[in-house]
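Data block below; observations after.
The values are calculated or read from the model by the stated rules, or taken from the named source; none is laboratory data. In this text the structure is predicted, and so the values were computed from the model without any measurement. Here Cβ is always computed from backbone atoms with ideal geometry, including for glycine, and neighbour counts include all displayed protein chains.
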Amino acid sequence: MKDLFVEFAYAQLPKWGEELCGDSVSYDKGNNSTILAWSDGLGSGVKANILSTLTSKIIVSMLKRESTLEEVIATLAETLPVCKVRKIAYSTFSVVQVLSGGETYVAEFDNPPLFWLRNGRLMHLDRKEREIGERVVLESIMRVQKNDWIVGVTDGVVHAGIGGLWNLGWRWEKIASFLENTVNDQLDALTLANKVIATTKRLYQDRLGDDATCVVAKIRLPRYLIVWAGPPEDPALDEYIVKRVMEFPGKKAVCGGTTGNILARVLGKEIEVDLTSLQKDIPPVGMMEGVDLLTEGILTLATVLRRLRKGVELEEVIYQRDGASRLLSLLLEADEITFIGGRAINPAHQNPKLSGELSLKARLLEDIVSELQKRGKIVNLEYY
């Protein structure tokens with residue numbers, strides 16, 4: 001079975017009149033598993049935020065180190081600050097750990113039960129009670145597969161509309177029906193989380209009676225991308241790199257006029273130029289069968305880096321036609337990216353302030369890699 005990828009997102013709103021949300025979410029993706037945890041702190045505002053943040057972060061960091069649930073709960077009991085008014089240290093939690101093969105562990109304490117959906121239908125989760133310290137935790141094991149959804153909400157979502165549009169609130173069963181009617185294979189995790197929270201806000205008539213959070217994990221296959229930027233230092237490697245790019249099991253992008261010409265020569269194909277993609281300061285893209293994107297090099301990469309640093313998101317560029325937007329779209333869509341940088345130096349691209357070994361293109365690639373890693377991408381950079 002191919003390794004599965006957990007596409008994770010969440011959306012939340014604070015209680016009406018509060019600056020901070022009292023719910024918190026933590027996430028970690030390791031080599032063999034993905035851990036997500038969410039927590040609802042006692043009350044609302046700053047105190048609740050502190051309680052829930054500590055809870056979710058402690059859970060994720062300890063499970064990442066393979067601590068037992070007993071150790072996690074003991075640490076929470078020792079660490080959480082006690083409320084001076086209520087004389088208790090209390091915070092709900094839910095945690096999901098998905099292994100790369102699909103086996104999934106779930107532990108829930110005082111949160112609304114999570115939703116597990118497959119093919120647009122709610123799946124049964126066999127929960128078993130387990131008493132740990134003074135807490136009764138519900139544990140379950142399931143095996144997720146491609147296009148499954150795991151959705152968690154806090155009380156603020158379940159109670160949306162209570163005493164107003166709906167006397168009994170949105171309720172768990174109605175949320176389940178909403179999810180069954182909403183999820184599809186094309187939908188992404190963030191859009192679903194936003195839809196749930198937008199509905200919650202509407203049911204509260206914009207005045208939330210409680211903090212509201214929706215956590216979404218979409219299970220799918222990873223998206224891979226390879227980007228070849230620059231000819232190798234040794235021309236004898238041309239055919240090797242072209243073969244590697246064309247046999248890559250994912251999307252393919254080639255940056256640089258010389259690099260594109262090498263690809264065309266080795267494959268015996270022609271490059272067609274798409275003049276409709278021409279924009280000021282961004283040269284047009286090329287088209288070739290078997291390659292998802294052919295762009296110019298330095299100017300396009302520099303624009304991509306500038307937009308990454310500005311925090312540009314996928315929805316801002318996905319429908320743009322220029323080369324930089326299209327390359328950025330591929331980068332933001334991908335989960336794992338391999339960059340192949342050529343060490344052949346174009347004198348026109350050399351920065352005299354840098355050492356002779358470091359071309360401007362190499363610096364651009366390294367900075368782009370750094371920005372993508374900040375966004376949680378798995379990125380590999382190789383030079384030839």
- Message: Against the condition outside the structural domain of Trp116 (by TED's automatic domain parsing) and buried (at least 21 other Cβ atoms within 10 Å of the Cβ), how does Trp170 come out, does it pass?
- Response: no
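If I ask for residues that are among the charged types (D, E, K, R) and part of a helix (DSSP H, G or I), which ones from the range 149-184 would you list?
Answer for the range 149-184, where residues must be among the charged types (D, E, K, R) and part of a helix (DSSP H, G or I): Asp155, Glu173, Lys174, Glu180.
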- Being crowded, with 18+ Cβ neighbours inside 10 Å and more than 17 Å from the chain's Cα centre (by Cα) is the filter here, so list the residues in the range 25-49 that pass it. Ser39, Asp40, Gly41, Leu42, Gly43, Ser44, Ala48, Asn49
- Message: Only one of Lys243, Lys201 is under 18 Å from Glu289 (Cα atoms) and part of a helix (DSSP H, G or I). Can you tell me which?
- Response: Lys243
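Here's the yes/no breakdown for (1) farther than 27 Å from Gly30 by Cα; (2) in contact with a Phe, Trp or Tyr (Cβ under 9 Å, 6 or more places away or on another chain):
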{"residue": "Leu114", "(1), (2)": "no, no"}
{"residue": "Met123", "(1), (2)": "no, yes"}
{"residue": "Arg127", "(1), (2)": "no, no"}
{"residue": "Val137", "(1), (2)": "no, yes"}
{"residue": "Arg143", "(1), (2)": "no, no"}
{"residue": "Thr154", "(1), (2)": "no, yes"}
{"residue": "Val157", "(1), (2)": "yes, yes"}
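Do you know which of the residues in the range 17-43 that are in a loop (DSSP other than H, G, I, E, B) and of a type in the set (A, V, I, L, M) is nearest to Ile58 (Cα to Cα)?
Leu42
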- Item | Test result for Arg127, in the same structural domain as Ser91 (by TED's automatic domain parsing) and closer than 18 Å to Val98 by Cβ | yes
- Condition broken by Ile345, with the remaining ones in (1) modelled with pLDDT of 90 or more; (2) of a type outside the set (S, T, N, Q); (3) part of a loop (DSSP other than H, G, I, E, B) satisfied: (1)
- Task: Determine which single condition Lys252 fails, assuming it passes every other condition in (1) surrounded by fewer than 21 Cβ atoms within 10 Å (Cβ to Cβ); (2) among the charged types (D, E, K, R); (3) over 28 Å from Ala37 (Cβ atoms).
- Result: (1)
